[in-house]
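The values are calculated or read from the model by the stated rules, or taken from the named source; none is laboratory data. If you're wondering where the values come from, they're calculated on a predicted model, not measured in any experiment. With ideal geometry, Cβ positions are generated from the backbone for all residues, glycine too; neighbour counts draw on all protein chains shown.
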Amino acid sequence: MITLNINGRDMQVDADPSTPILWALRDNLNMTGTKFGCGAALCGACTVHLGGAAIRSCVTPISAAVGQKITTIEAMETDKVGKAVQDAWVKHDVPQCGYCQSGQVMSATALLRTNKKPTDADIDGAMSGNICRCGTYQRIRAAIKDAAKTIA
Ligand code: FES
Ligand code: FES
């Protein structure tokens, strides 16, 4: 058993230490908000926070998360920054098919935690690892700017 702190709660996971965080979340803990896209750190669909930073959970083993805080999309509604991002996502009608969007929200939230007034270049840099096959990038950018205003 490995103890992981997820969204502020210690949870027991019966899995090999090399198991990617993504599969511990989805298969062991039935937390399916975090999505599987490529499995190779190329698309960002699986983005969660580890110690506050956006990471790719498909390639990060649970052994790397022991003693650290994992935060997932399921906690964003009760997170001040995450909630502002989600509200802006709704206001700007960002999602199309929606598949990439939990990862997009996690990356946007990590950005706004450290950069309260991101420029277009800051946003493009922070979000470059999150691919959207539906091409919602312009709405994502607008929503991040709106969320930044709400947080300020
Ligand atoms: S599923 Fe992790 S980056 Fe694509
Ligand atoms: S909304 Fe469809 S992949 Fe991003």
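Things to note:
- Options Thr47, Thr34, Thr72: the member that is under 20 Å from Ile6 (Cβ atoms), within 13 Å of ligand 2 (Cβ to nearest atom) and of a type in the set (Val, Ile, Thr): Thr47
- Verdict on Leu50 being more than 16 Å from ligand 1 (Cβ to nearest atom) and in the same structural domain as Val13 (by TED's automatic domain parsing): no
- Selected residue (only one of Asp79, Asp122 is away from ligand 2 (no atom under 16 Å from the Cβ) and free of Cβ contacts under 8 Å to residues at least 12 places away in the same chain): Asp122
- Unique match (being within 13 Å of the chain's Cα centre (by Cα), modelled with pLDDT of 95 or more and within 15 Å of ligand 1 (Cβ to nearest atom)) among Gly82, Gly103: Gly103
- One residue stands out in the stretch 91-123 among those that are part of a loop (DSSP other than H, G, I, E, B) and of a type in the set (S, T, N, Q): the one that is nearest to Arg139 (Cα to Cα), namely Gln96.
- Residue satisfying all of: in the stretch 124-139; among the polar types (S, T, N, Q) and assigned to a loop (DSSP other than H, G, I, E, B); nearest to Gly44 (Cα to Cα) among these: Asn130
- Answer from Gly33, Gly44 - the residue that is within 11 Å of ligand 1 (Cβ to nearest atom), within 25 Å of Gln138 (Cα to Cα) and outside the structural domain of Ile131 (by TED's automatic domain parsing): Gly44
- Residue satisfying all of: in the stretch 135-152; within 14 Å of ligand 2 (Cβ to nearest atom) and either surrounded by 15 or more Cβ atoms within 10 Å (Cβ to Cβ) or at pLDDT below 95 (or both); nearest to Gly82 (Cα to Cα) among these: Ala143
- Pairs meeting the criteria (first residue in the stretch 91-111 and free of Cβ contacts under 8 Å to residues at least 24 places away in the same chain, second residue within 13 Å of ligand 1 (Cβ to nearest atom) and not in a loop (DSSP other than H, G, I, E, B), beta carbons under 7 Å, at least 6 apart or on different chains) are lacking.
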